[in-house]
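Take a look at the structure below.
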Amino acid sequence: MSDTHSAWGYPIVLIQWGDPRKEFPDIEEISALIEHDVADVFRNAGITELPEMVKLDVANDNPQLFREEIVQCLQRNRENVQIVYIGAHGNQRGICFDNTGAAVLTYEEIAGIVQEVFFDDNCLKVVFGVCTVMSDEVAVESKFPSSVSRIIGFADKPAGQDVAALVAGEIKNMMQLYVDLHKQSVVAIGESTTPDRSAAFQAELVNRNDQIVLDTHRRRTC
């Protein structure tokens with residue numbers, strides 16, 4: 001299944017497995033709420049395009065086919081991705097196609113996908129829209145490689161507004177970083193170079209994000 005796009009330089013990948021009519025938030029609802037929540041922040045920063053939402057909706061209950069879909073989607077959109085959201089049912093082993101738990105993609109397998117695609121990055125945030133995923137926070141986060149700076153989830157069943165507010169908050173933090181760095185970079189880089197596409201800007205963005213991670217000691221938030 002192909003993923004669909006909307007447009008901005010730092011794509012947010014929204015992945016959904018299963019039928020959203022069966023008790024978990026729909027990524028179309030989430031993306032619309034996110035865009036609504038961050039519109040003023042982008043406008044105030046002088047950016048006319050809202051965040052790029054890459055949406056992958058998989059209705060196949062085969063975990064390995066779902067895994068392949070995720071890998072292909074993330075590889076196509078790997079550059080500059082900062083947030084990956086995964087919505088599904090779940091249990092202590094991993095995420096599930098439905099509430100029977102018969103079709104499972106384990107947290108170890110998801111961590112393996114992240115390592116495979118984002119092996120040399122360290123500023124990725126993974127958001128789970130899965131009920132009880134953070135009920136054993138340490139067990140979940142310990143499975144993920146250093147390419148993930150934060151694991152964010154819920155201790156109970158999330159609503160679409162909850163997921164959107166959480167992701168929008170992360171985007172707003174990114175935007176403040178972007179604005180701060182933009183002010184510093186245009187002089188050093190030159191007006192003829194788009195700061196968010198320049199190597200110097202990207203290097204400083206990673207450096208700032210590294211510092212945030214160090215300052216918060218890889219903080220996870222429910």
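The values are calculated or read from the model by the stated rules, or taken from the named source; none is laboratory data. Keep in mind it's a predicted model, so treat the numbers as computed, not measured. FYI the Cβ positions are ideal-geometry reconstructions off the backbone, even for glycines, and counts take in every protein chain you see.
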Elements of type strands (runs of 3 or more DSSP E) contained in the stretch 8-117, each with 1 or more residues being surrounded by fewer than 17 Cβ atoms within 10 Å (Cβ to Cβ), touching a Lys or Arg at 6+ places or on another chain (Cβ under 7 Å) and of a type in the set (S, T, Y): 104-106
For the stretch 120-156: of the residues being of a type in the set (K, R) and closer than 25 Å to D26 by Cβ, which is modelled with the highest pLDDT? K125
